[in-house]
1. Consider B:V201 carefully, then state whether it is touching a residue at least 24 places away in the same chain (Cβ under 8 Å) and open to solvent by 10 Å² or more (accessible area, probe 1.4 Å).
2. Restricting to the range A:88-101, name every residue that is in contact (Cβ under 8 Å) with a residue 60 or more places away in the chain, open to solvent by less than 10 Å² (accessible area, probe 1.4 Å) and more than 6 Å from ligand 1 (Cβ to nearest atom).
3. Kindly indicate the residue of the range A:138-158 that is more than 7 Å from chain B (Cβ to nearest Cβ) and of a type in the set (A, V, I, L, M, F, W, C) and also nearest to ligand 2 (Cβ to nearest atom) among those meeting that condition.
4. If A:N159 meets every condition in (1) under 30 Å from B:I168 (Cβ atoms); (2) surrounded by fewer than 23 Cβ atoms within 10 Å (Cβ to Cβ) apart from one, which number is that one?
5. From the list A:V171, A:V197, which residue is assigned by TED's automatic domain parsing to the domain that holds A:A59 and either surrounded by fewer than 20 Cβ atoms within 10 Å (Cβ to Cβ) or among the hydroxyl-bearing types (S, T, Y) (or both)?
6. Can you tell me which residues in the range A:193-223 are polar (S, T, N, Q) and either within 21 Å of A:R113 (Cα to Cα) or more than 10 Å from every other protein chain (Cβ to nearest Cβ) (or both)?
7. Which of (1) modelled with pLDDT of 95 or more; (2) in contact with a helix residue (DSSP H, G or I) (Cβ under 6 Å, 6 or more places away or on another chain) does A:I134 not meet, given it meets every other one?
8. Does A:L158 meet the test of being in the same structural domain as A:R61 (by TED's automatic domain parsing), within 28 Å of A:G52 (Cβ to Cβ), free of Cβ contacts under 8 Å to residues at least 60 places away in the same chain and away from ligand 3 (no atom under 16 Å from the Cβ)?
Amino acid sequence: MKNDGKRRAFLKVLGLGSVTLGTAGYSVAIEAGKTEKKPHYGMIFDQNKCVGCSDCEVACRKVNEVPQGQVRLYVENKTAPETPMEKKYVRVSCQQCEDAPCVAVCPSKACHRDAKTGIVTMNPDDCIACKYCIVACPYDVRFINHKTKAAENCNFCLNTNMAKGKEPACVESCKYKALVFGDLNDENSYINQILQVKDAVRMKPTFGTKPSLRYIPVVKVGV
Amino acid sequence: MNGAINFTYGFSHGVEWGWPIAVYLLLAGISGGALIIALLVRFYKKQHEDTSLLKAASLVSFSTIAFGMVFLVGDLEKPLYFWKILINYNFASVMSIGVMAISVYIPLTLVMCLYLFEKEISAVLAKKAQLLGYFEMVMVLLKKIRPMIEVLSVIFAVIICAYTGFLISVLVRFPILNTAILPALFVVSGLSAGTASAGMVASYFFKEDAHSPDLKTLHTIEWPIMAVEIMLIAMLFVSLLVGNEFQQSTTIAFKSGIYANLFWFGVMGVGFGLPLVLNFALGKHVAHSHAAFYLSGMASVAGVLCLRMFIIYAGQTFGV
Ligand code: SF4
Ligand code: SF4
Ligand code: SF4
């Protein structure tokens with residue numbers, strides 16, 4: 001944090017006072033974090049419940065003003081051609097890695113971890129659109145937003161729904177309750193209760209980035 | 001249980017870092033390579049005079065890195081925001097470290113040019129007595145630290161070549177890129193392209209005889225460098241071949257399709273084959289000709305360009 005103070009002083013000298021507004025909230029959050037446990041937001045996608053209606057995609061695009069033809073969230077049809085009646089869908093979106101390569105490689109700190117919530121998010125004004133984060137993300141779930149010309153990822157609706165105290169748009173819109181959002185650091189949260197009784201997996205865990213999304217796959221138990 | 005669920009869709013569109021980055025990687029390699037070679041020759045031969053080779057190398061290293069920056073910044077979708085990198089430093093990012101190294105390296109190459117073109121610059125400034133006075137004053141100061149500047153230049157030239165390798169070797173999604181060999185390969189291929197460029201410029205612009213001692217030296221070290229380069233490429237291939245399922249699947253890049261052609265014709269044929277044929281297979285007469293000298297130099301540079309293109313394009317095409 002020492003660095004941050006210096007940078008702020010430096011910016012003030014330059015007369016770029018407005019930039020400091022962003023960092024002011026940052027240090028306050030850190031101090032608050034000392035008393036209470038920091039949250040670790042995660043999400044479950046239950047493949048058994050998803051019907052592939054793509055309501056979540058639509059809601060996400062609307063709430064987060066994602067330009068036409070682009071998505072933060074995509075529901076991929078993974079139904080095997082041999083068994084066309086056994087529908088299978090998978091949510092494709094930022095996995096909210098605990099060790100996020102996108103944050104590590106971003107030269108301008110536009111792609112960063114929000115200090116208060118720990119969510120990997122972006123500051124479009126600082127992004128120089130070098131695409132380093134896009135090639136560094138092991139899950140290939142980042143893109144340059146055509147309108148803002150900045151790299152973007154699913155940030156659990158941090159600046160939109162969450163700022164209004166609501167659940168992420170996809171979770172809200174899913175009629176089949178295939179998506180559960182919550183704080184993994186809170187033992188009593190609904191998301192943890194589910195994780196205690198169901199088998200959930202992380203996507204491509206061998207990359208070692210510790211994703212915060214959990215998937216409950218369809219598993220047939222031949223009865 | 002992890003095979004139970006997976007997604008294969010991605011939001012990027014194939015090759016996100018395209019040819020401008022490959023050209024930048026080539027130019028950075030030439031810049032670093034030329035300066036390393038010329039200064040090492042100078043140290044090794046204990047030269048004190050300003051040789052044509054060093055003149056050529058200084059000019060090449062400054063102009064290629066400056067030109068390279070045009071490609072690097074031009075490839076950004078928001079080039080005018082480049083300054084954001086300079087105020088929001090991220091020390092964990094290879095790109096930030098690279099920008100830091102470049103901002104030391106470019107002034108170093110510029111100072112090297114000042115040393116070697118002092119006479120020429122003075123001649124241009126001759127009419128403006130005041131400017132000339134300032135210039136001479138600065139040069140007096142700069143000359144005192146010349147040995148230090150030369151050593152620093154070699155160190156930073158190596159850093160520049162190596163960082164371009166690290167820049168893309170941290171990309172875990174792409175097995176061809178995500179290898180430890182890449183930075184080494186970039187240093188060595190940079191040396192190869194830099195040697196060829198410095199030699200050609202020395203001969204063409206500074207009238208260095210193609211059989212002068214310095215260019216003979218370059219000509220001799222060219223082949224071991226090439227041998228090491230081939231060895232590193234072979235190691236890269238073998239490490240993919242004996243690697244895990246994903247690494248193995250990328251070896252197709254070497255075997256068929258447009259990238260395999262780029263590799264076998266461009267990198268192997270033009271880059272290594274042509275210079276070898278020109279210098280060894282067609283007799284002394286051809287090998288000593290002017291045409292062969294330039295053709296083989298250009299082939300080396302073209303080969304290294306093909307190598308960078310192959311790595312950038314094939315690397316990002318075959319992802320996990
Ligand atoms: S999934 Fe990609 S974009 Fe999301 S946090 Fe991980 S590395 Fe970053
Ligand atoms: S594209 Fe933007 S967010 Fe991504 S690494 Fe570059 S500056 Fe950072
Ligand atoms: S809204 Fe729910 S059921 Fe529909 S595609 Fe999204 S996750 Fe699946």
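The values are calculated or read from the model by the stated rules, or taken from the named source; none is laboratory data. In this text the structure is predicted, and so the values were computed from the model without any measurement. Neighbour counts are summed over all protein chains in view; Cβ atoms, including those assigned to glycine, are modelled from backbone coordinates with ideal geometry. For accessibility, only protein heavy atoms count, side chains too; no ligands or nucleic acids. Shrake-Rupley method; radii C 1.70, N 1.55, O 1.52, S 1.80 Å.
1. Values: touching a residue at least 24 places away in the same chain (Cβ under 8 Å): yes; open to solvent by 10 Å² or more (accessible area, probe 1.4 Å): yes.
Taking the combined requirement at face value, the residue satisfies it.
2. A:V90, A:R91, A:S93, listed by residue number.
3. Just the residues of the range A:138-158 that are more than 7 Å from chain B (Cβ to nearest Cβ), to begin with: A:139, A:145-148, A:150-158.
This time we only want the ones that are of a type in the set (A, V, I, L, M, F, W, C), so: A:150-151, A:154, A:156-158.
Numbers: A:A150: 6, A:A151: 4, A:C154: 14, A:F156: 17, A:C157: 18, A:L158: 15 Å.
The selected residue is A:A151.
4. The one condition A:N159 does not meet is (1).
5. Numbers: A:V171 fails: either surrounded by fewer than 20 Cβ atoms within 10 Å (Cβ to Cβ) or among the hydroxyl-bearing types (S, T, Y) (or both).
Among A:V171, A:V197, only A:V197 is assigned by TED's automatic domain parsing to the domain that holds A:A59 and either surrounded by fewer than 20 Cβ atoms within 10 Å (Cβ to Cβ) or among the hydroxyl-bearing types (S, T, Y) (or both).
6. Filtering the range A:193-223 for residues polar (S, T, N, Q) gives A:193, A:196, A:206, A:209, A:212.
A:Q193, A:Q196, A:T209, A:S212, listed by residue number.
7. (2) is the only condition that A:I134 fails.
8. Criteria met by A:L158.
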